[in-house]
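Just below is one structure, and these are the notes that go with it.
Just so it is clear, none of the values below were taken in a lab; they were calculated from the coordinates. Model, not experiment: these values are computed from the prediction. For neighbour counting, all protein chains shown are included, and Cβ atoms are generated from backbone atoms with ideal geometry for every residue, glycine included.
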Amino acid sequence: MFSLTGKVAVVTGAGRGLGREMAQSLARAGAYVLLHGRNPDPLEDVVREIESAGGKAASLLFDLTDEAAMAKALEAAVQEHGAIDILVNNAGHRDRRGLYQLELGAVRELLEIDLVAPFELARQVARHMPDNGRIINITSIAGHVARANDPAYTAAKAGLTGLTRALAADFGPRGITVNAVAPGYFATEANADMAAKPEVADWLKQRTSLGRWGRPEEISGAVLFLASPAASYITGHVLVVDGGFLSHF
């Protein structure tokens, strides 16, 4: 029930961190994975890793804010592979500045990448998706709870959570499921500075049920599940992977 043999998957932001782990997990399950990014070098590293493990993958280069480039790249992918069965909207932008430190231009840039791009990707990919397709948005626990000095990211992820439900309603009649995965605190490259601070580790010991940072590979099972036939009757759902952060008082 977890086999993706014969499926074609697109994973945005697949060159590092959680996107890299997701792409490798889908490839291990048998999918041909198209790794999206702007810089070819990290993508080629992941392609080599997947191929050396017996999987299939290729790079898919375009800027998420360039609608024409996005459409052209996706059309070429469909011409080569016939269809896109799975879309994982993982790529995102983070700007950890407070309410009065953020210029409106920076807010718009973050929303463009974290919310508008997944909206347009879903619309475009769905045109080339079979009726049992899968769309998975990577949100965040920031879509459920807020903290001071992180307003733009919190707003974007809450919007992506709402978009997940809206797309589930729109695409449901076609049999396409739309779900989200909301990661908590993961020790990725993007969080390397925070992960190196003992005081943050101490805080997570108190704040999460499992008492630690998440390891990047621990996101893979959730994405694989939602992409697989095992999740065929699940849509509009947000699967939280946070070590118990949201449930722990």
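Taking the fewest neighbouring Cβ atoms within 10 Å as the starting point, the ordered list for Val116, Val88 is Val116, Val88. Listing Thr235, Thr139 from fewest to most neighbouring C-beta atoms within 10 Å gives Thr235, Thr139.
As I understand it, the dipole of the range 76-167 uses +1 on the Cβ of Lys and Arg and -1 on the Cβ of Asp and Glu, about the Cα centre. Which of Pro151, His93, Gln124 lies farthest toward its positive end? So the residue furthest toward the plus end is Pro151.
What translational diffusion coefficient, in µm²/s and rounded to a whole number, does the Stokes-Einstein relation yield for the range 30-104 at 10 °C and a viscosity of 1.306 mPa s, taking the hydrodynamic radius as the Kirkwood radius over Cα pairs? Translational diffusion coefficient: 110 µm²/s.
In the chain, Cα pairs under 8 Å separated by at least six residues give a relative contact order of 20 percent.
Here the residues Trp213, Trp203, ranked from fewest to most Cβ neighbours within 10 Å of their Cβ, fall in the order Trp203, Trp213.
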